[in-house]
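This report refers to the structure that appears directly beneath it.
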Amino acid sequence: MDIVCLDLEGVLVPEIWIELANRTGVAALTRTTRDEPDYDKLMRFRLGLLDEHDLRLADIHRAIDETRPMAGAREFLDELRSRYQVVILSDTFYEFARPLMRQLGWPTLMCHRLDVDADGRIRDYRLRMPDQKRAAVNAFRSLNYRVYAAGDSYNDVAMLSAADAGFFFRPPDRIVAEFPQYPVSRDYTRLMALIDEAASR
């Protein structure tokens with residue numbers, strides 16, 4: 001039995017924080033897990049910027065409502081789900097992701113939660129569990145699934161290393177240089193071929 005685990009941002013949808021930066025003019029919000037491998041450090045930085053610029057959950061929702069999946073993502077995901085079980089493992093937040101999940105046909109998503117006060121200010125974030133991507137892959141493997149995983153960033157490496165086969169999708173060159181053991185795909189056709197090849201072994 002086979003299951004595919006995909007990252008969300010950078011693989012199926014644009015980076016939400018970059019979309020927010022573009023729509024608010026707060027350029028520092030373009031910093032993502034491609035730039036900062038320490039997720040807690042990155043989130044503390046982001047929360048500080050939201051507070052400094054008085055950006056609330058409603059502001060983020062407006063940015064997300066105007067965001068569309070990457071070109072070809074829905075078709076790729078539909079085809080992938082016709083062949084394999086598919087789960088999205090993401091470090092985004094349920095409070096962000098719902099509009100994007102609707103556009104992608106409601107795939108299964110495992111991610112985190114935000115603490116939001118009565119005024120809509122994001123006060124903190126709550127991880128579903130530490131190192132959740134690796135833990136999910138290990139759990140699926142313990143259930144006798146073969147797992148194939150794809151992501152684009154530092155926070156996906158643990159997932160790729162735990163999977164039976166892992167792939168990068170459109171990663172930055174510096175990440176490719178640091179982790180040359182993972183095949184790289186620049187388009188969905190190639191990613192599908194890599195997954196099919198791994199599943200046929």
Among the candidates Arg56, Arg74, Arg81, residue that is of a type in the set (D, E, K, R), touching a Gly at 6+ places or on another chain (Cβ under 9 Å) and assigned by TED's automatic domain parsing to the domain that holds Arg31: Arg56
Filtered residue count, segment 43-83, keeping only those that are modelled with pLDDT under 90 and of a type in the set (D, E, K, R): 4
Could you please tell me which pairs satisfy a Cβ distance under 7 Å, a separation of 6+ or placement on different chains, a first residue in segment 134-145 that is at negative phi, and a second residue that is modelled with pLDDT under 95? Ala135/Met129; Tyr145/Met1
Residues being at pLDDT below 90 and of a type in the set (Val, Ile, Thr) - total across segment 10-25: 3
For segment 164-201, which residues satisfy the criterion of being closer than 18 Å to Arg81 by Cα and in a loop (DSSP other than H, G, I, E, B)? Asp187, Ser200
With respect to Val26, is the statement that it is in contact (Cβ under 8 Å) with a residue 24 or more places away in the chain, in the same structural domain as Leu194 (by TED's automatic domain parsing) and β-branched (Val, Ile, Thr) true? no
With the requirement that a residue be touching a residue at least 60 places away in the same chain (Cβ under 8 Å) and of a type in the set (Phe, Trp, Tyr), what does segment 90-114 give you? Phe96
Is at least one residue of segment 163-175 buried (at least 16 other Cβ atoms within 10 Å of the Cβ), within 19 Å of Cys111 (Cα to Cα) and in contact with a helix residue (DSSP H, G or I) (Cβ under 6 Å, 6 or more places away or on another chain)? yes
Looking at (1) surrounded by 15 or more Cβ atoms within 10 Å (Cβ to Cβ); (2) at pLDDT 90 or above, can you tell me which one Glu95 breaks? (2)
Restricting to segment 179-201, count the residues that are surrounded by 14 or more Cβ atoms within 10 Å (Cβ to Cβ) and either in contact with a Cys (Cβ under 7 Å, 6 or more places away or on another chain) or under 14 Å from Asp152 (Cα atoms) (or both). 7
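The values are calculated or read from the model by the stated rules, or taken from the named source; none is laboratory data. Quantities reported herein were computed from a predicted structural model and do not represent experimental measurements. Note that we place each Cβ from the backbone using ideal geometry, even for glycine, and neighbour counts take in every protein chain shown.
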